[in-house]
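**Student:** Here it is: the structure, laid out below.
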């Protein structure tokens, strides 16, 4: 009886040990499976720092995610109406979480840059202003340091502190860049160099306006920014985007700074559900982008779209692009500023970049308006280059910037590249400038 009583606790302990070991084995298998899963889903190995930064950025705001998810609504929904420029970023995004996660800040003028935009020239500084849309903006805050170092190392600018300021805003297209330069000069702001990096937005977003029954020279997605208060269907679709964006943000916040970040299994669970939420957000953004009411109020449609079609608007795009570039050149020359106009690279340019299957699947969407914008729009722009150079514009065709780069750079099927891509683009721009 005593022996049986003694064996019972030992047997229970063995069972407990066995269950504990079995649990550890299951957890180990789950962790290994999650590690392999990251290779499959992300096409790169798991990285604690990379995931933590991504989660922190999403927890701070989901605005960045909407572009990658398939729509430009993130920038617009976080935008603030501007009486001259259409829209700028709203400074209320300057939360501590946003700064910590992205390293970016919105200044008091609504530009995505921490610098005071109204500065005066001096002998010991080189004031550089970048104008354009989102690709130009990303060159500013992902490649700004690279650009500054490259310019400072050249004999032309040695001994001067290079200050790179970003006046580019996601979604901008001409004439917004021209107006932004005028807005800066109206305040007495000074620059030594102006870099205009554009092309894709002009060719893509003017036709997009026409499809939305909005005057092509009006700001992109103007129907989302102005005059939507009384449109119940648009309000519903905007609300749907905001709802899914906040869902994604809240899911990321659960993991940010949590012990869950130490578990591969938990992190993989986050990644899979985040993909679902991103897809829902992308679909909602697409439904919002595609919404066109039967009639638009005057404050949205402007002079109207009569006479503009996708087949005939190419000439107007090239005309506006040419005129705005020449006007920026005239303004710069009158104010002692050196002007450089750069045509941005794009994945739809034939031979522009070697791509592996993974990058190709992410970056190319054949038969879409963005492909047509480049294949039909870029040749129309390039046909105007002789007129630009004759007018004194330093023009640089950057289409081949990534021609010899095998590593993946493009992050969506529009025009956007990762931080490395922005740095390579900044290096190329610096080479073009110092080569003058």
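Every number in this text was worked out from the coordinates using simple rules, so none of it is lab data. Being a predicted model, the structure only gives us computed values, none of them experimental. Methodologically, a virtual Cβ is constructed for each residue, glycine included, from the backbone with ideal geometry; neighbour enumeration extends over all protein chains shown.
**Student:** Packing-wise, with mean Cβ within 10 Å as the measure, how do 146-156, 419-429 rank, highest first?
**Tutor:** Output ranking for 146-156, 419-429: 419-429, 146-156.
**Student:** For region 347-413, what does the relative contact order come out to in percent, with C-alpha contacts under 8 Å and a separation of six or more?
**Tutor:** 61
**Student:** Between residue 365 and residue 323, what is 0.36 nm times their sequence separation minus the Cα-Cα distance? Round to one decimal in nm.
**Tutor:** 12.0 nm is the gain from fully extending residue 365 to residue 323.
**Student:** How far is the Cα center of region 421-436 from the Cα center of region 120-174, in Å?
**Tutor:** Each part reduced to its Cα centre gives a spacing of 11 Å.
**Student:** Compute the FRET efficiency between residue 372 and residue 125 as 1/(1 + (r/R0)^6), taking r as their Cβ-Cβ distance and R0 = 45 Å, and round to the nearest 0.05.
**Tutor:** Working from the Cβ atoms, E equals 0.55.
**Student:** Listed highest first by mean packing, meaning other Cβ atoms within 10 Å per residue, what order do 79-90, 303-314 come in?
**Tutor:** Top of the packing list down: 79-90, 303-314.
**Student:** To the nearest 0.05, what FRET efficiency results for residue 311 and residue 21 with a Förster distance of 56 Å applied to their C-beta separation?
**Tutor:** 0.20
**Student:** To continue, here is another question. Quick one: which of 116-122, 135-141 comes out on top by average Cβ neighbours within 10 Å, and what's the full order, highest first?
**Tutor:** 135-141, 116-122
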